[in-house]
Amino acid sequence: MNKIKLSDFDPQVKQAIAGELKRQEEGLEMIPSENFVSLAVLEALGSVLTNKYAEGFVGRRYYGGNQFTDIVEGLAIERAKKIFRCDHANVQPLSGSPMNQAVYLAFCKPGDTIMGMDLSHGGHLTHGAPVSHMGKLFNFVRYKTHPENGGKIDFDELLKTAKEAKPKILLCGYTSYPRDYDYTDFKRVADEVGAITMADVAHIGGLIAGGAMRNPFDYGFDIVTTTTHKTLRGPRGGMVLSMGKVGNPFKEPEMTKENIPTILDRSVFPGLQGGPHMNNIAAIAVTLQEAMQPEFKDYANQIIKNAKKLAEKLMEKNIKLITDGTDNHMMVADTMKSIGIDGATAEKTLEKAGITVNKQVIPDDPQPAYKPSGIRIGTPALTTRGMKEAEMEIIADWINEALVNWQDETKLSAIKQNIIEMTKKFPLYPELCG
Ligand code: DSN
């Protein structure tokens with residue numbers, strides 16, 4: 001076995017990791033789907049649990065030697081159930097896409113209909129974008145929002161479409177939508193057409209866990225999926241949460257609503273995945289323990305306060321935001337309309353100034369996806385560093401100044417220097433530096 005330290009054995013990888021740590025330390029991370037995990041989460045992720053095969057479920061594995069993996073997976077499941085107030089949690093999905101795929105494949109046959117939000121209006125690739133495998137396998141019927149009307153969904157229209165389409169699953173959830181959903185209306189429509197209700201809260205899972213946004217289970221939803229690495233602030237992973245009776249996953253259950261948890265378990269394994277990543281599941285257990293602490297509530301609420309302040313200040317500077325504001329942790333800015341530059345140029349410009357965002361399509365974007373009209377901006381990672389409204393006001397100034405002066409390299413470098421100074425006051429991992 002190689003017993004040499006990473007720095008001696010593979011300095012190239014060691015240096016790349018050090019470079020990434022410095023980049024994270026010295027920049028403003030404002031991609032809404034990114035965050036910084038704690039050292040406890042990193043410790044679990046880098047643990048010997050990565051060595052273990054654990055195909056199967058707690059107490060029912062296909063391999064021996066799983067007494068400790070059973071402990072960590074059991075803890076993750078119980079904590080997830082408590083936080084999200086549901087009957088069952090499957091914590092094995094490797095990330096966001098497989099977690100959603102596991103749900104579709106559990107209840108739908110090829111060609112069956114699922115309704116989800118249009119990609120350019122905020123839906124995710126796995127919500128049926130035609131370029132995704134899911135979009136090809138199933139008949140996705142996409143609904144849209146009214147971005148100039150506060151981003152609302154017209155539920156009379158949705159009901160009419162649902163009656164015609166007869167979806168097996170009515171899915172709500174988003175990846176670039178700055179508003180909350182009306183779960184009551186979704187449930188009403190789903191009940192009228194006999195569809196399963198599914199909410200993909202990948203982005204806002206941490207906001208729900210911290211009580212800062214509503215929990216779809218409180219509105220009678222059947223299934224909720226969430227990633228663990230966004231606002232929930234854990235390792236990369238996914239969870240499928242559900243209501244119903246948990247049965248033996250090795251026995252094929254009847255296709256009833258009551259059996260949803262067992263049907264989902266079987267869909268994740270052996271349906272879709274093999275061995276779960278147990279080091280990741282241990283890190284998810286730690287993440288959920290963190291999410292149960294009282295300070296996590298403050299964190300979740302502060303993310304939204306920061307986003308609202310940032311949105312308000314950007315709009316004051318005439319930066320056009322889709323739906324004119326935000327209810328959650330993110331905003332989508334139409335840089336084409338506001339400054340006359342596309343999202344790819346805006347993303348590059350901000351990167352030169354030390355701010356990381358991502359280019360983003362806006363509803364019914366006339367621009368191509370690789371050069372869309374906007375950018376997506378979020379506050380979870382900066383909130384983890386301890387930044388509050390006062391910092392958001394300064395950052396709004398820098399974002400605006402950088403975008404307006406996108407061709408002025410001197411100005412962009414000056415902003416970057418200011419950002420490096422600011423970030424020193426909000427150290428990320430002091431224990432890992434120096
Ligand atoms: N890539 C994630 C995001 O940035 O929102 C979704 O998969």
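The values are calculated or read from the model by the stated rules, or taken from the named source; none is laboratory data. No experiment lies behind these values; they were computed from the predicted model shown. Note that each Cβ is placed from the backbone with ideal geometry, even for glycine, and that neighbours are counted across all protein chains shown.
Residues that are closer than 29 Å to residue 259 by Cα and out of contact with any helix residue (DSSP H, G or I) (no Cβ under 6 Å at 6 or more places or on another chain) do occur in the range 140-155. All of (1) in contact with a His (Cβ under 8 Å, 6 or more places away or on another chain); (2) modelled with pLDDT under 95 hold for residue 369 with one exception: (1).
Report yes if residue 211 is free of Cβ contacts under 8 Å to residues at least 60 places away in the same chain and not hydroxyl-bearing (Ser, Thr, Tyr), otherwise no. No: the conditions fail for residue 211.
One line per residue, one yes/no per condition, for (1) under 29 Å from residue 166 (Cα atoms); (2) crowded, with 20+ Cβ neighbours inside 10 Å; (3) within 16 Å of the ligand (Cβ to nearest atom):
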position: 79; (1), (2), (3): no, yes, no
position: 84; (1), (2), (3): yes, yes, no
position: 89; (1), (2), (3): yes, yes, no
position: 93; (1), (2), (3): yes, yes, yes
position: 97; (1), (2), (3): yes, no, yes
position: 100; (1), (2), (3): yes, yes, yes
position: 107; (1), (2), (3): yes, yes, no
position: 111; (1), (2), (3): yes, no, no
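What about residue 111, is it in contact with a strand residue (DSSP E or B) (Cβ under 9 Å, 6 or more places away or on another chain) and part of a strand (DSSP E or B)? Judged against the criteria, residue 111 is not a match. For residues that are over 23 Å from residue 112 (Cβ atoms) and either free of Cβ contacts under 8 Å to residues at least 12 places away in the same chain or aromatic (Phe, Trp, Tyr) (or both), scanning just the range 156-180, find the one that is nearest to the ligand (Cβ to nearest atom). Ranking the candidates gives 177 first.
Here's the yes/no breakdown for (1) in a loop (DSSP other than H, G, I, E, B); (2) in contact with a strand residue (DSSP E or B) (Cβ under 9 Å, 6 or more places away or on another chain); (3) of a type outside the set (Lys, Arg):
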site	(1), (2), (3)
104	no, yes, yes
116	no, yes, yes
120	no, no, yes
126	no, yes, yes
130	yes, yes, yes
156	no, no, yes
164	no, yes, yes
171	no, yes, yes
176	yes, yes, yes
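Of the listed requirements (1) of a type in the set (S, T, N, Q); (2) surrounded by fewer than 22 Cβ atoms within 10 Å (Cβ to Cβ); (3) assigned to a helix (DSSP H, G or I), residue 323 misses just one: (2). Of all residues in the range 13-64, those being in contact with a Lys or Arg (Cβ under 7 Å, 6 or more places away or on another chain) and away from the ligand (no atom under 16 Å from the Cβ) number 3. Of the residues making up the range 50-70, those that are more than 16 Å from residue 271 (Cα to Cα) and assigned to a loop (DSSP other than H, G, I, E, B) are 52, 53, 58, 59, 63, 64, 65, 66.
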